[in-house]
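Engineer: Could you have a look at this structure, given as structure tokens, before my questions?
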Amino acid sequence: MDQFLTFFGQLQTFDIIQVIFWGLAGAVSFHFSIGNARVWTSIAIGFFLIFLSQAYTINPWLHYYKLSAYHSIIGTVAIMMITHGFLEYYVFCRTFEISGNKLTVYLTVLVILACSGGFLLINPTPSPNTLRNIKMVENAIWVFLSVMNLELVRKIYLAIKDSTISKGFIAFGIVFFCILLWKGSELYLQIYQWDRDWQDIIAMMTEESSDIGQYPLRVELSQTVSRYAGLLSGFSVGGTFIYIYRLLK
């Protein structure tokens with residue numbers, strides 16, 4: 001119990017607030033996937049998985065590197081599911097056809113996550129530097145696919161701009177813009193080794209001191225953008241699904 005209290009006492013209030021916002025957004029998106037058409041399932045489940053990936057922030061077992069790596073894998077699966085969902089929706093707008101059912105989507109996600117967990121279990125525990133590399137790959141995929149989703153959202157909006165839910169896709173554009181700022185700023189810090197959590201590791205492995213002190217304004221700006229864009233992402237996702245849910249009723 002003392003270990004748990006010590007851990008939570010070290011957490012920043014802002015981190016907890018961000019996870020709470022994503023928790024609410026995840027709950028709304030999951031409920032949305034149950035109560036609406038199959039074409040929305042992949043999108044909603046993907047946003048729900050973001051909450052699970054963000055939960056590592058308040059995870060008292062964070063020092064178990066395999067579990068931390070698993071959270072990054074969940075995050076990668078999340079954005080891939082979201083992108084697949086918007087691709088499906090765009091095809092649906094053009095052909096009015098959709099294949100599969102909700103159960104297939106749920107089972108596919110569970111199988112992917114189970115196989116990923118099994119892969120981590122049978123392999124050596126990742127080192128801190130390996131874990132950092134995994135997180136960088138996750139953020140890079142997020143940045144690339146967020147740009148792709150912005151374009152998909154634009155095309156979907158143009159295809160259905162006369163429908164009642166077209167404004168919902170404008171809201172999704174705002175969501176992905178916030179996500180792009182959030183994950184892009186994190187990736188920027190990681191590329192230049194300015195992510196503070198890893199400064200001691202990098203210095204130890206390279207035997208060089210970080211140049212983080214030479215660019216305090218850039219580092220502070222990137223960290224601020226990451227914190228607030230992540231918070232706004234969760235808030236906007238929840239609001240978007242609630243708005244679209246009301247439009248579809």
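Engineer: Starting from the stretch 73-140, pick out the chymotrypsin sites (Phe, Trp or Tyr not before Pro) whose DSSP state is loop and whose Cβ has at most 11 other Cβ atoms within 10 Å.
Structural biologist: F96
Engineer: Here is a further query. Rounded to whole Hz and in sequence order, give me ³J(HN,Hα) for the stretch 143-155 from the Karplus expression 6.51 cos²θ - 1.76 cosθ + 1.60, θ = phi - 60°, writing x for Gly and Pro.
Structural biologist: 5, 4, 6, 5, 4, 4, 5, 4, 5, 5, 4, 4, 5
Engineer: From the residues L145, L113, I191, which one has its Cα farthest along the dipole of the stretch 109-198 in the positive direction, the dipole being from +1 and -1 charges on Cβ of Lys/Arg and Asp/Glu about the Cα centre?
Structural biologist: Checked the options; the winner is L145.
Engineer: Tally Lys and Arg at +1 and Asp and Glu at -1 over the other residues with C-beta under 14 Å from the C-beta of T164: what net charge comes out? Don't skip to the answer; put the middle values down first.
Structural biologist: Numbers: positive: K161, K167, R246, K249; negative: D162.
Here the charged neighbours net out to +3.
Engineer: Along the stretch 190-195, what does the Karplus equation 6.51 cos²θ - 1.76 cosθ + 1.60 (θ = phi - 60°) give for ³J(HN,Hα), rounded to whole Hz, x for Gly and Pro?
Structural biologist: 5, 4, 8, 6, 9, 6
Engineer: Take D162, D15, D195 and sort them by solvent-accessible surface of the protein heavy atoms, 1.4 Å probe, largest at the top.
Structural biologist: So, going from the largest accessible area down, we get D162, D15, D195.
The values are calculated or read from the model by the stated rules, or taken from the named source; none is laboratory data. Because the structure is a prediction, the values reported are computed rather than measured. With ideal geometry, Cβ positions are generated from the backbone for all residues, glycine too; neighbour counts draw on all protein chains shown. Ligands, DNA and RNA are excluded from the accessible area calculation, which covers all protein heavy atoms including side chains. Shrake-Rupley method; radii C 1.70, N 1.55, O 1.52, S 1.80 Å.
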